[in-house]
Amino acid sequence: MCSRVEREPHYNLTNLYIMTLGVLAPYRRMGLGRLLLASIIQTARKQAGVRLVYLHVQTTNEAALHFYLNQGFRIYSTAKDYYQHISGSPDAHVLVRYL
């Protein structure tokens, strides 16, 4: 997992952007991704006052979409041609979760 806290002083907001979250195939469906996500959200909320978490997911990545929607995220928008060097659709959904 790789993420960053983003501060927007103009709006007095603190967001968490999740750049990547992955679990090796043999360890999937054991709740590890959910635990990783919950842990980073809890830490960011306590230490940085994060109120919004967001990320990009390839529009054709049904497993990731299903995972994040089940974790309380919703599709906020779609970014056309977001991915430049990836097989499949270059488009990405922007998913958000308000805390």
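Given the structure, is Thr78 surrounded by 11 or more Cβ atoms within 10 Å (Cβ to Cβ), of a type in the set (Val, Ile, Thr) and at pLDDT below 95? Answer is no for this residue.
Kindly provide the set of residues from the stretch 1-26 that are surrounded by fewer than 11 Cβ atoms within 10 Å (Cβ to Cβ) and of a type outside the set (Val, Ile, Thr), ordered by number.
Step one: filter the stretch 1-26 for residues surrounded by fewer than 11 Cβ atoms within 10 Å (Cβ to Cβ), giving 2, 4, 8-12, 19-20, 24-26.
Cys2, Arg4, Glu8, Pro9, His10, Tyr11, Asn12, Met19, Leu24, Ala25, Pro26, listed by residue number.
From the list Val57, Val94, exactly one residue is of a type in the set (A, V, I, L, M) and in contact with a helix residue (DSSP H, G or I) (Cβ under 7 Å, 6 or more places away or on another chain). Which is it? Working first, answer last.
Numbers: Val94 fails: in contact with a helix residue (DSSP H, G or I) (Cβ under 7 Å, 6 or more places away or on another chain).
Criteria check complete, one pass: Val57.
On the stretch given as the stretch 51-99, residues that are touching a residue at least 24 places away in the same chain (Cβ under 8 Å) and in a strand (DSSP E or B) total 14.
Out of the stretch 43-57, which residues are touching a strand residue (DSSP E or B) at 6+ places or on another chain (Cβ under 9 Å) and closer than 17 Å to Met1 by Cα? Before you say what the answer is, go through the steps one by one.
Our first condition is that a residue be touching a strand residue (DSSP E or B) at 6+ places or on another chain (Cβ under 9 Å); within the stretch 43-57, this holds for 44-45, 47-57.
Of everything in the stretch 43-57, those that are touching a strand residue (DSSP E or B) at 6+ places or on another chain (Cβ under 9 Å) and closer than 17 Å to Met1 by Cα turn out to be Ala44, Arg45, Val53, Tyr54, Leu55, His56, Val57.
Within the set Ala38, Ala44, the sole residue that is surrounded by fewer than 17 Cβ atoms within 10 Å (Cβ to Cβ) and under 14 Å from the mean Cα position of the chain (by Cα) turns out to be Ala38. Touching a residue at least 24 places away in the same chain (Cβ under 8 Å) and over 14 Å from the mean Cα position of the chain (by Cα): is that true of Tyr27 in this structure? Here the answer is no, as Tyr27 does not meet what is asked.
The values are calculated or read from the model by the stated rules, or taken from the named source; none is laboratory data. Bear in mind the structure is a predicted one, so any value in this text is a computation, not a measurement. Ideal geometry is used to build each Cβ from the backbone, glycine not excepted, and the neighbour counts take in all protein chains shown.
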